[in-house]
Amino acid sequence: MPVVGVAIAVVVALIVLIILFKMVWRVAEPNEALIISGLGAKSKPLDGVDSLGFKIVTGKGTAVLPGFQVARRLHLDSRSGNLEVNCVTQQGIPVKVRGVVIYKVGDDFISIANAARRFLEQQSSMDGAIHELFTGHLRSIIGNLTVEDLILNRERLTSETRSSAADEMSKLGLVVDSLQIQEIDDETGYIVNLGRPHAAKVAAAARIAEAERNQEATRREQETERENAAVIRDTEIKKAEYDGQVKQAEQQARQEVIQRETRNAELEAERTERQLESQVRKPADAKAYEQVKLAEAEREERIAYAQAAATEVQLKAQRESEAIRLLGEAEADATKRKGLAEAEAIKARAQALAENQEAVIAQQLAENWAEIVEAGAGVFGNVDNMVVLNGAQGVEEMLAKALTLGGTGLGLARQLLAGQAGVQPAKPANGKPADAAAAATGSVPVSAPAPPKPDTD
């Protein structure tokens with residue numbers, strides 16, 4: 001237990017010490033200065049300056065006794081203040097100047113002490129003080145300058161302003177880091193009119209320069225186009241030459257290929273011809289020779305056979321001629337005998353006709369009665385329908401008329417028979433042939449058998 005108590009007491013003591021240290025110890029940041037006032041807070045004399053009556057600490061820490069001393073912080077950061085001044089130049093031209101000033105508390109102890117005495121509790125009022133300070137100095141300085149000086153020599157304005165305000169700034173413990181005049185305006189338009197001649201001159205020069213540049217650009221463009229055209233022409237020429245060389249090479253290659261193909265074709269033709277010579281022509285010649293010999297043998301065989309056949313035909317023709325001669329002689333003898341027999345028959349018929357003509361004709365009519373009746377019936381050959389009146393009698397009359405019409409050929413029959421017999425028909429007492437008289441009367445002078453009666457049943 002005693003050990004634990006001791007440990008706790010130690011820890012508590014350490015905590016109390018840390019808390020006390022935190023309460024007592026103050027550290028100045030790099031951008032600030034600690035101003036310590038109170039019991040025993042005095043600084044050593046610096047550069048002949050007596051003690052300040054307060055202590056300045058920068059960049060380190062120091063102990064501050066609570067209740068006996070007070071520590072305040074003075075910022076050493078840069079600050080900026082806008083300046084806007086309405087003033088009149090040496091020429092009496094009212095102008096409005098706008099600028100900016102960048103300032104800070106000085107880093108030396110004297111500047112810190114001066115700034116602490118003036119702005120420690122009122123650090124925000126530094127901007128107003130700086131604005132009033134520089135506004136007054138700008139008015140006094142611009143009143144001695146012209147507008148041209150303000151425009152052309154702003155460095156003079158800023159340097160004179162900084163130098164004229166240096167004493168006041170030192171007393172305030174402030175230093176100027178930068179002073180810039182941003183803009184100068186005038187309500188009368190003096191600055192604008194002041195710049196117009198130069199602007200016109202510059203504009204004219206610009207137009208001239210632009211025209212010259214345009215001409216130069218046009219000339220360069222034309223030169224470039226000519227160069228491009230020349231390059232394109234040279235390229236086209238080289239391309240054409242290359243194409244020609246390529247085509248020539250291709251043509252030469254094709255010619256070489258054609259020559260090789262021609263040579264190969266010739267070699268192939270020679271090989272084929274030799275192969276044909278060895279495989280086709282010689283066997284064909286041998287076969288043709290064989291065929292010729294076989295044909296000659298066959299021809300000689302056919303000639304021998306034809307000669308034998310001709311001899312046989314000749315002998316056969318002689319035999320047939322002899323047979324035809326003998327047959328002709330036999331037919332001639334038979335014809336002669338037949339002619340003699342016919343002549344004897346004609347002679348006998350003529351004699352019979354001369355002696356009894358009517359009997360012969362009647363016999364001829366009887367032998368050819370069927371043909372005569374058929375010829376008479378031919379009258380009705382073109383009749384499709386025929387109506388017969390009076391029954392059987394009408395039929396008999398019709399047939400009788402048909403036979404009567406056909407009787408006109410009896411005279412012709414006699415003439416034919418007379419012509420065949422070679423005798424003239426007998427003439428009646430009136431000097432006309434009997435058949436002609438019969439034909440004129442329309443009746444048959446000879447007795448002929450009556451035609452059979454048709455069956456009327």
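The values are calculated or read from the model by the stated rules, or taken from the named source; none is laboratory data. The shown structure was predicted, so the numbers you read here are calculated from the model rather than taken from an experiment. All Cβ positions, even for glycine, are placed from backbone atoms using ideal geometry, and neighbour counts span all protein chains on display. These accessible areas exclude ligands, DNA and RNA; they are computed on the full protein's heavy atoms, side chains included. Shrake-Rupley method; radii C 1.70, N 1.55, O 1.52, S 1.80 Å.
I need the per residue convex hull volume for the stretch 217-282, using only the alpha carbons, in cubic angstrom as a whole number.
Values: hull volume 3.0 nm³, N = 66.
Dividing the Cα hull volume of the stretch 217-282 by its residue count gives 46 Å³.
Could you work out, for the stretch 296-357, what percent of all Cα-Cα pairs fall into each 5 Å distance bin, beginning at 0 Å and stopping at the bin that holds the largest distance?
P(r) over the stretch 296-357, rounded to whole percents: 5, 14, 10, 9, 9, 8, 8, 6, 6, 5, 5, 4, 3, 3, 2, 1, 0.
Taking 0.36 nm per intervening residue step and subtracting the Cα-Cα distance, what contour gain separates Glu168 from Ala217 on full extension?
Details: separation 49, 0.36 × 49 = 17.64 nm, distance 6.06 nm.
Gain on extension, Glu168 to Ala217, equals 11.6 nm.
Taking 7 Å along the Cα-to-C-beta vector as the label spot, tell me the Gln393-Gln91 distance in nanometres, rounded to one decimal.
The modelled label-to-label distance comes out at 18.3 nm.
Let me test this: with uniform point scatterers at the alpha carbons of the stretch 93-167, what is the Debye-based log₁₀ I(q)/I(0) at q = 0.21, 0.24 1/Å?
Once normalised to I(0) and log-transformed, intensities are -0.97, -1.15.
Going through the stretch 102-187, which GluC sites (Glu not before Pro) have at most 12 other Cβ atoms within 10 Å and a DSSP loop state? Before the final figure, lay out each step's value.
Numbers: sites: Glu121, Glu132, Glu148, Glu155, Glu160, Glu168, Glu183, Glu187; in loops: Glu121, Glu187.
In loop regions of the stretch 102-187 (DSSP not H, G, I, E or B), the sparsely surrounded GluC sites (Glu not before Pro) are Glu121, Glu187.
Computing the accessible area with a 1.4 Å probe over protein heavy atoms, can you report the carbon and sulfur percentage for the stretch 300-339?
On the way: 2070 of 3530 Å².
Within the stretch 300-339, the accessible surface is 59 percent carbon and sulfur.
Could you check the simple spin-label distance between Gln351 and Val175, using points 7 Å along Cα→Cβ, in nm with one decimal?
According to this spin-label approximation, the distance is 20.7 nm.
Work out the FRET efficiency for Gln245 and His198 from their Cβ-Cβ distance, taking R0 = 60 Å, and round it to the nearest 0.05.
Details: r = 66 Å, r/R0 = 1.10.
The calculated FRET efficiency here is 0.35.
Strictly over 24 Å apart at the Cα level, which of Lys316/Lys336; Lys316/Lys338; Lys22/Lys60; Lys22/Lys171; Lys104/Lys171; Lys22/Lys55 would you flag in this model?
On the way: Lys316/Lys336 29 Å; Lys316/Lys338 31 Å; Lys22/Lys60 15 Å; Lys22/Lys171 36 Å; Lys104/Lys171 13 Å; Lys22/Lys55 20 Å.
Cα-Cα > 24 Å for Lys316/Lys336; Lys316/Lys338; Lys22/Lys171; rest within.
With a probe of 1.4 Å, find how much accessible area the stretch 146-249 has per residue, and write the answer as a whole number in Å². Can you show the working numbers first?
On the way: 7560 Å² over 104 residues.
Ligands and nucleic acids excluded, the figure is 73 Å² per residue.
Report the extension gain between Ser278 and Glu155 in nm, rounded to one decimal, defined as 0.36 nm multiplied by the number of residues separating them, less their alpha carbon distance. Numbers along the way, then the final one.
On the way: separation 123, 0.36 × 123 = 44.28 nm, distance 12.02 nm.
Extra length from Ser278 to Glu155 when fully extended: 32.3 nm.
If I stretch the segment between Glu148 and Glu301 completely, what's the gain in nm (0.36 nm per residue apart, minus their alpha carbon distance), one decimal? Intermediate values should be presented prior to the final figure.
Working: separation 153, 0.36 × 153 = 55.08 nm, distance 15.05 nm.
Going from the current span to full extension adds 40.0 nm.
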